[in-house]
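Below you'll find the structure, written out as structure tokens, and then a few comments.
Here, each number is a calculation from the coordinates, and none is a lab measurement. Values in this document were obtained by computation on a predicted structure and should not be read as measured data. Cβ atoms come from the backbone with ideal geometry, glycine included; neighbour counts cover every protein chain shown.
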Amino acid sequence: MNVELKLKSNNTILAADEQGIITILDAMPDHGGEGNGSSPMTIMLEAMASCSFLDVLAILRKKRKQIKSMRINVSGIRSDDHPKVFTDVKLHYILESPDASIADLERAIELSQTKYCGASAMFQRSGCNVTWDSEIIS
């Protein structure tokens, strides 16, 4: 897996993956950014959540559950001292499905968080406390 990063302007960075898909990163405005993209730490939260999101979708679909919509709300707390790593992350999964049970969703999340999601494992192995909860909308 390879990526290339290029400076676009000021603190705006363009990251391209092997397929040529571009991700725009920028520093926060209070750190000299222009608001052109997400900060690297925000993208870390997005990456972890999207990794688990895809796992949960795949597991539920394998169980032939219908998915009308799904979302994850993520909150992260960072240490006060440098390096300001994430110390706590909470994911709240919300699934809209006519036939999936809360047990189906919770099992899919558990498998994602304990077995499949490499991004979440990186957070956890670094000492970050990763927790989650879920709800179903019928």
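Ordered by the number of other Cβ atoms lying within 10 Å of each residue's own Cβ, fewest first, T12, T114 fall into the sequence T114, T12. Our note on the geometry: Cα centres of region 4-29 and region 79-107, 27 Å apart. Sites listed here are chymotrypsin sites (Phe, Trp or Tyr not before Pro) in region 24-122 whose DSSP assignment is loop and whose Cβ has at most 15 other Cβ atoms within 10 Å, and the list is empty.
Sorted on the mean count of surrounding Cβ atoms within 10 Å across their residues, most packed first, peptides 61-72, 100-111 read 100-111, 61-72. Think of it as helices only: each DSSP H run of n ≥ 4 in the chain is worth -39500 (n - 2.57), and spread over all residues that comes to -9500 deg cm²/dmol at 222 nm.
Out of the DSSP beta bridges found with both residues in region 40-137, what percent are antiparallel (nearest 5)? Just about 55 percent of them are antiparallel.
When the alpha carbon gyration tensor of region 64-125 is reduced to an equivalent ellipsoid, the three semi-axes, largest first, read 29, 13, 8 Å.
Would you mind classifying region 1-91 by shape? Square roots of the alpha carbon gyration tensor eigenvalues, ordered a ≥ b ≥ c; an a/c under 1.5 is rounded, otherwise it is prolate if a/b is larger than b/c and oblate if not. Here region 1-91 falls in the oblate category.
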